[in-house]
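*Asks:* The structure follows.
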Amino acid sequence: MKTHTQRPLLLSLLFATLLLHLQQIATVASPSPASESNSTDYIRTSCSATLYPEICFTSLSRYATAIQQNPARLARVAIGVTLSRARRMTTYVSNLSRQSDYGSDHRAAAALHDCFSNFGDAVDEIRGSLKQMRQLGAAGSSAEALRFQMSNVQTWMSAALTDEETCTDGFEDVPEGPVKSEVCYRAAKVKKFTSNALALVNSYAEKGIP
């Protein structure tokens with residue numbers, strides 16, 4: 001039978017064991033500063049191959065811990081960030097489009113409706129790309145299947161970029177004004193994210209697929 005003097009000792013041992021276990025978990029879960037620095041450097045180097053390296057690095061470096069030095073994760077995160085931007089743009093254009101229905105500038109209203117449709121298509125394509133990237137290399141996938149999946153991602157991201165460009169092309173005949181300027185400015189920003197994501201996807205397809 002355990003005595004009263006043994007209980008505090010047992011509790012102390014249990015507590016010390018628990019603390020040691022938690023420290024081990026923290027060590028595994030938390031990357032070292034050197035590891036995070038290496039991941040950040042990897043992202044910067046990878047972004048240098050895109051058309052807009054500064055936007056690329058600024059938007060992706062905050063995910064360095066998740067990306068590490070993995071090109072597939074880098075491409076996947078870039079697509080996810082692009083999807084978020086494209087969704088926001090779609091919501092913005094949708095709100096403007098509803099307001100323009102009551103305006104007198106029919107050309108601007110038509111351009112906004114078309115832009116909303118184009119960005120809706122782009123969102124669907126980017127979402128499809130992200131889903132495909134998440135399924136990449138599933139258990140039992142052959143090299144041929146992997147190449148097919150990556151081909152889908154490249155095709156859809158390229159199509160999304162084309163749809164975004166079509167949005168701004170639709171404003172060419174619209175007179176200059178604050179609505180046209182703001183929509184084209186925002187669309188151009190999203191196009192840069194899409195272009196960067198596509199470049200990272202292409203880079204992974206060239207170097208990471210057998």
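The values are calculated or read from the model by the stated rules, or taken from the named source; none is laboratory data. Quick caveat: nothing in here was measured; it's all calculated off a predicted structure. Counting neighbours? That spans all protein chains shown, and the Cβs are built from the backbone with ideal geometry, glycine included.
*Asks:* What number of residues in the stretch 51-65 are more than 15 Å from Thr194 (Cβ to Cβ), buried (at least 16 other Cβ atoms within 10 Å of the Cβ) and of a type in the set (Val, Ile, Thr)?
*Replies:* Selection size over the stretch 51-65: 0.
*Asks:* Are any residues in the stretch 31-48 small (Gly, Ala, Ser) and at pLDDT 95 or above, and if so, which ones?
*Replies:* Ser46, Ser48
*Asks:* Still on this structure, please answer the following. Residues of the stretch 171-202 being more than 20 Å from Val81 (Cα to Cα) and in contact (Cβ under 8 Å) with a residue 60 or more places away in the chain, which ones?
*Replies:* Of everything in the stretch 171-202, those that are more than 20 Å from Val81 (Cα to Cα) and in contact (Cβ under 8 Å) with a residue 60 or more places away in the chain turn out to be Phe171, Asp173, Val174, Pro175, Gly177, Val179, Lys180.
*Asks:* Which residue, of Arg107, Arg88, is among the basic types (Lys, Arg) and in contact with a helix residue (DSSP H, G or I) (Cβ under 9 Å, 6 or more places away or on another chain)?
*Replies:* Going through Arg107, Arg88 in turn, the sole match is Arg88.
*Asks:* Looking at the stretch 66-118, which of the residues that are in contact (Cβ under 8 Å) with a residue 24 or more places away in the chain and among the acidic types (Asp, Glu) is surrounded by the most Cβ atoms within 10 Å (Cβ to Cβ)?
*Replies:* Among those residues, the one meeting the criterion is Asp114.
*Asks:* Just for the stretch 143-169: of the residues that are hydroxyl-bearing (Ser, Thr, Tyr) and farther than 20 Å from Pro71 by Cβ, which one is surrounded by the most Cβ atoms within 10 Å (Cβ to Cβ)?
*Replies:* Filtering the stretch 143-169 for residues hydroxyl-bearing (Ser, Thr, Tyr) gives 151, 155, 158, 162, 166, 168.
Okay, now just the ones that are also farther than 20 Å from Pro71 by Cβ, so 162, 166, 168.
Numbers: Thr162: 15, Thr166: 17, Thr168: 19.
Result: Thr168.
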